[in-house]
Amino acid sequence: MGFPQTRPRRLRTSAAVRRLVSETRLHPAELILPMFVKEGLTEPRPIASLPGIVQHSRESLRKAAAEAVQAGVGGIMLYGIPTAKDATGSGGIDPGGILNVAIRDVVSEVGDATVVMSDLCLDEFTSHGHCGVLTPDGTVDNDATLAAYAEMAIAQAAAGVHMVGPSGMMDGQVGVVRQALDGAGYADVSILAYAAKYASAFYGPFRDAVESSLDGDRRTYQQDPANLRESLREVELDVAEGADIVMVKPALAYLDVIAAVRDRLDVPVAAYQVSGEYAMAEAAAANGWLDRERIMMETLHSIRRAGASIILTYWATEAARLLR
Ligand code: PBG
């Protein structure tokens with residue numbers, strides 16, 4: 001037993017004192033809700049591997065977006081699932097494509113009450129499921145993909161999006177998107193860059209959610225889970241190219257990356273608690289093996305504590321309500 005003053009437990013004796021000395025506080029405004037909308041649906045459709053999350057119809061998307069705003073969430077990230085896909089992912093660029101239509105719907109529903117964001121990537125729209133267009137030999141063509149991203153960014157901005165989320169991990173994507181937006185008169189549309197994005201098995205349920213047609217993997221463009229320094233390089237490049245916010249993805253298995261990025265840079269750092277992280281907790285909770293709400297709050301606090309001030313999470317609306 002040491003001196004009397006060496007008793008850290010004194011600051012844990014009551015809920016009031018624990019609240020007083022809490023080092024990390026979550027706020028609904030820091031949470032972003034990812035949402036899926038599928039072309040042609042008249043009713044929302046459950047996603048088996050993401051219990052509680054649905055593919056929305058246009059109508060149910062508006063309603064759920066309004067509920068998220070009511071709960072106080074800081075942002076909404078939209079993903080579209082088209083009825084038809086093609087080799088170039090043209091449905092992502094078409095102003096009448098599901099994602100662009102959904103952006104218009106949500107912006108008209110919620111206005112400026114939250115930040116409306118959209119995934120800027122071709123994978124939901126390509127018949128082969130890759131994040132870009134392919135060369136004749138089947139590899140992802142970086143620069144041809146950049147040209148498509150530029151057009152997609154302008155289409156999303158024209159639909160009224162506040163922030164775009166380039167997520168394809170093509171080299172130079174942030175610079176090309178920034179230039180395209182500025183050139184088309186959308187200098188105020190900001191960029192949330194998926195800057196350090198790993199080739200992760202935690203995206204499994206998301207691929208169900210967007211009915212991905214990918215056969216193979218994304219290891220030639222997403223990062224190797226073994227690497228940390230590579231992330232710092234990726235993030236620094238994105239900031240140099242004009243990223244307003246940088247994101248690390250996934251979150252829980254990459255807390256060290258979040259902390260390193262936070263330490264190195266002065267832009268806001270976001271983290272994506274991805275589909276597999278959510279599914280893992282939900283599945284264990286459904287079996288009675290874990291306490292769902294406590295896992296939700298513990299994981300969100302740990303991501304916040306690691307240094308992310310913005311968190312994308314499928315629990316955003318529910319967590320926001322619990323935090324109010
Ligand atoms: C690509 C994209 C993916 C996710 C977000 N954007 C899938 C991928 O890279 O394969 C995954 C998000 C999640 O798992 O929740 N458009």
Quick one: in the stretch 156-175, which of the residues that are more than 25 Å from Pro82 (Cα to Cα) and either open to solvent by less than 30 Å² (accessible area, probe 1.4 Å) or part of a helix (DSSP H, G or I) (or both) is nearest to the ligand (Cβ to nearest atom)?
-> Gly172
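The rows are residues; the columns are (1) open to solvent by 40 Å² or more (accessible area, probe 1.4 Å); (2) touching a helix residue (DSSP H, G or I) at 6+ places or on another chain (Cβ under 7 Å); (3) small (Gly, Ala, Ser); (4) within 16 Å of the ligand (Cβ to nearest atom).
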{"residue": "Ala251", "(1), (2), (3), (4)": "no, yes, yes, yes"}
{"residue": "Asp263", "(1), (2), (3), (4)": "yes, no, no, no"}
{"residue": "Ala271", "(1), (2), (3), (4)": "no, yes, yes, yes"}
{"residue": "Met280", "(1), (2), (3), (4)": "yes, no, no, yes"}
Considering every residue within the stretch 225-240, establish whether at least one is open to solvent by less than 60 Å² (accessible area, probe 1.4 Å) and modelled with pLDDT under 95.
-> no
Matching residues, the stretch 77-92, being within 16 Å of the ligand (Cβ to nearest atom) and of a type in the set (D, E, K, R) | Lys85
Within the stretch 93-111, identify whether any single residue is open to solvent by less than 10 Å² (accessible area, probe 1.4 Å), away from the ligand (no atom under 16 Å from the Cβ) and assigned to a strand (DSSP E or B), and answer yes or no.
-> no
Determine the pairs where a residue that is open to solvent by 40 Å² or more (accessible area, probe 1.4 Å), located within the stretch 30-57, has a partner that is of a type in the set (Ser, Thr, Tyr) and within 14 Å of the ligand (Cβ to nearest atom) with Cβ atoms under 9 Å apart, the partner being 6 or more residues away or on another chain.
-> Pro51/Tyr278; Gly52/Tyr278; Gly52/Tyr314
Restricting attention to the stretch 13-29, report how many residues are exposed (fewer than 11 other Cβ atoms within 10 Å of the Cβ) and part of a helix (DSSP H, G or I).
-> 4
Answer yes if at least one residue in the stretch 112-123 is more than 15 Å from the ligand (Cβ to nearest atom), open to solvent by less than 20 Å² (accessible area, probe 1.4 Å), under 23 Å from Leu50 (Cβ atoms) and in a loop (DSSP other than H, G, I, E, B), and no otherwise.
-> yes
Test: Ala195 is open to solvent by 10 Å² or more (accessible area, probe 1.4 Å) and either out of contact with any His (no Cβ under 8 Å at 6 or more places or on another chain) or of a type outside the set (Lys, Arg) (or both) | no
Residues being β-branched (Val, Ile, Thr) and assigned to a strand (DSSP E or B) - total across the stretch 234-253 = 3
Taking interchain pairs and intrachain pairs at least six residues apart, which have beta carbon atoms under 8 angstrom, with the first residue in the stretch 289-301 and more than 22 Å from Ile258 (Cα to Cα) and the second open to solvent by 40 Å² or more (accessible area, probe 1.4 Å) and not in a loop (DSSP other than H, G, I, E, B)?
-> Glu293/Leu322
Looking only at the stretch 196-235, which residues are within 13 Å of the ligand (Cβ to nearest atom) and either farther than 23 Å from Leu50 by Cβ or aliphatic (A, V, I, L, M) (or both)?
-> Ala196, Ala199, Ala201, Ala209, Val210, Leu214, Arg219, Thr220, Tyr221, Gln223
Test: Val133 is more than 12 Å from the ligand (Cβ to nearest atom) and in contact with a Gly (Cβ under 8 Å, 6 or more places away or on another chain) = yes
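The values are calculated or read from the model by the stated rules, or taken from the named source; none is laboratory data. Because the structure is predicted, anything quoted here is derived from the model rather than measured. So basically every Cβ, Gly included, is an ideal-geometry build from the backbone, and we count neighbours across all protein chains shown. The protein model used for the area step is the full one, side chains on, heavy atoms only, and it has no ligands, DNA or RNA in it. Shrake-Rupley method; radii C 1.70, N 1.55, O 1.52, S 1.80 Å.
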